1. Those residues that are touching a strand residue (DSSP E or B) at 6+ places or on another chain (Cβ under 9 Å) and modelled with pLDDT of 95 or more, I need them from segment 140-159; list them, please.
2. If I filter segment 52-73 for residues that are surrounded by fewer than 17 Cβ atoms within 10 Å (Cβ to Cβ), assigned to a loop (DSSP other than H, G, I, E, B) and assigned by TED's automatic domain parsing to the domain that holds Thr302, do I get at least one hit?
3. Sort through Glu338, Glu352 and tell me the only one that's of a type outside the set (S, T, N, Q) and surrounded by fewer than 17 Cβ atoms within 10 Å (Cβ to Cβ).
4. For Ile567, state whether it is under 24 Å from Pro631 (Cβ atoms), of a type in the set (Val, Ile, Thr) and surrounded by fewer than 23 Cβ atoms within 10 Å (Cβ to Cβ).
5. Looking only at segment 384-392, decide whether some residue is outside any helix (DSSP H, G or I), touching a residue at least 60 places away in the same chain (Cβ under 8 Å), out of contact with any Ser or Thr (no Cβ under 6 Å at 6 or more places or on another chain) and under 29 Å from Leu339 (Cα atoms).
6. Residues being surrounded by fewer than 16 Cβ atoms within 10 Å (Cβ to Cβ) and within 22 Å of the chain's Cα centre (by Cα): count how many of those fall in segment 624-645.
7. Please count how many residues of segment 12-51 are part of a loop (DSSP other than H, G, I, E, B), aliphatic (A, V, I, L, M) and surrounded by fewer than 21 Cβ atoms within 10 Å (Cβ to Cβ).
8. For Asn505, work out the one condition from (1) crowded, with 23+ Cβ neighbours inside 10 Å; (2) touching an Asp or Glu at 6+ places or on another chain (Cβ under 7 Å) it doesn't fulfil.
Amino acid sequence: MQNYLRSKDLNLPQYYNNRELSWLDFNFRVLQEAEDKNNPLLEQLNFISIFSSNLDEFFMVRVAGLQDQYKMGYDKPENKAQLTPKQQLEQIKIKNKHYVNLQYKRYNELVDELKQYKVEIVEPECLNDDLLADLEQEFKLSILPTLTPLGIDAYHPFPKLNNKSLNIFVDIDTEDAINSAIVQIPSLIPRFTTLNDGDKQYVVMIEDIITYFINYLFTGFEVLNTFTFRITRNADLTIHEDGAEDLLIEIERFLKERKSGSSVRLEVDGRTTTYEDIQWLINQLEVDDDHIYFVDGPLDLTLLFGLVDHLSNKLKHLKYPKYSPQIPQSLGNNDIFELSLKRDIFFHHPYETFEPIVDFVREAANDPNTIAIKQTLYRVSKDSPIIQSLKDAAEKGKQVTVLVELKARFDEENNVHWARELEDAGCHVIYGMTYLKTHSKISLVVKRIGNELTSFVHLGTGNYNDKTAKIYTDMGLITTDNAIVEDGINFFNYLSGYSIKPKYNKLIVAPYDIRDEFIARIDNEIIQHKQYGNGKIMMKMNSLTDKDIILKLFEASRAGVTVKLIIRGICCLKPGIPGISDNIEVVSIVGRFLEHSRIYYFHNNGEDNIYLSSADAMTRNMIKRVEILFPVEDKEISQRLINYLNLQLSDNQKGRYQDAAGNYHYIQNNLSPLNSQAYLMQEAIEYGNSLTAFKTQNYATPVTSKRGWFSKFKNSFKR
């Protein structure tokens, strides 16, 4: 048997999913939510918008990188599915064009459904004379002054078009010849206009308005043809960290370059033009035919975010019922600092409110006994209350150290702004480490209590962002554990000064250490299983790409260890392959909230080891980032996390399982319908209601939910 196990070649490409194709399949699962009739109509439109937003970033970064490799003649296959850059680009084209066609098919279906609610998306020629006159007046007053037609001839070179900008291509008969021009639609004017006719509301896209009144821009000439197009550019440019005297200035230079990177995708409104009409444009933009998309509807469906927001008041019954995050069960009505001196406090957002984390920093800033605050910031909101508290603390003379990660992709400009504001307020601002992104989520508050300094540490799986905390599922812990406090102090000193990497007591810190810890824990689970026969691993993350971890999970599966993976996005591992991964199960949950928390559980013969982290099991997280994996040692919190993992594995509404071929299917069984996110919202509401039933503000014992879901579903975890 041992020889048989050793004889298997675990590097065969059929055991793996390609990273990029797996991501496209994840984005398709997002699109499936636009087809789920259990989601309200406007929420279905939102998912179409999310699909588009995700795809923009995919092209700007992942496809752009593959195109660069291909252009440079790089033909080495990646190390899992073993596809070359050229092969990946070819397969991306096939899969993604199919998905985009499905996206527009669903968009047009939903637009038709909107009509029953007296909302119609129309072109100007469909309006009656009175509405058309109103639209023309609005065009002349609010749109025409912002437009600049750019002729293209010997004296007017082809313009440099910004990344993701919307443009109208125009052919004009100038009597001597047929000339071309481009009208770039300013990004700061609204994408659509609405007109009311009785109880009916018409929505007209800005590009259709400009096209209809295009003659105002070319007075005296005949416009022969128009079509709308959009360019996506390479945004994965190199930040030159070596030799940079000031990384902040280097980032600002980088942001200017990003706007004019090489073309990686051309999208064209296929309702008004054909491939033959755009040949000249293709040559000018130097875009590959494989990445030209003719779509059956308006370009850039991220516009639906704004449309849904606009329609939400009139059609609020077509949105999710409003949900207000509840008081954390682990905190109750207690004071966060007083309680954390007694035990660890657990937080689960957005089911539980993020406000205690905001208050943690705010109260520390206002407390005269606070000596120092140290915090990492990766992505924060535009008007972050945490930033304000850090500034207030510095202005009150407290020692405030903030690591602002300037290299957080697509948040660089926002973070540059905050770095300058924090510096101006007197905070000590550091920018991270050369070639590493600091993705860790940690805050340290040092207070003088009595005659002693006492430190409080918050560790989390998600960003210190009060806006995304309402839609991303994340977890956090506040502790005064002496070993973790010492680790937190050493961690910040390591980032801010000059010292070798510390030896930590309990925190496991990437680069490298997190991967080493995972491998050691999986090895231990294999050993425990051989001795006791009860090996079990459960992991929840956003993505699994690291081959060393995948190989180790294959090894665990072949040894008989039960492996259950909850992976929202990319999963390069194929489960259920006989003799390779038949003890591995992979589930993806896509629903109302973005699954973002990372949990790592190892049974260890009943002595459970459970961790939370800011890191996924991705090579970039474990090798190229500063990440923290932290243990959960409180037994009640640990059990709550185990119950949560089992709950998600039992989700037969939003859960999809991956088969041995790498395809995903909705989980279907005869059990009662279970939407894990809806369940947790209801559980949080019941706890909040039970808490308000107590009149005294000093009630300290959290109330256990009466639903008892674990006992209800404990016999239904097998599918």
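The values are calculated or read from the model by the stated rules, or taken from the named source; none is laboratory data. Note that the structure is a prediction, hence the values are computed from the model and not measured. Positions of Cβ are backbone-derived with ideal geometry, glycine not excepted, and every protein chain shown enters the neighbour counts.
1. Ser142, Ile143, Thr146, Leu147
2. Yes, because at least one residue in segment 52-73 is surrounded by fewer than 17 Cβ atoms within 10 Å (Cβ to Cβ), assigned to a loop (DSSP other than H, G, I, E, B) and assigned by TED's automatic domain parsing to the domain that holds Thr302.
3. Glu338
4. Considered against the rule, which asks whether it is under 24 Å from Pro631 (Cβ atoms), of a type in the set (Val, Ile, Thr) and surrounded by fewer than 23 Cβ atoms within 10 Å (Cβ to Cβ), Ile567 comes out as no.
5. yes
6. Going through segment 624-645 one residue at a time, the tally reaches 1.
7. Result for segment 12-51: 1.
8. Failing condition for Asn505: (1).
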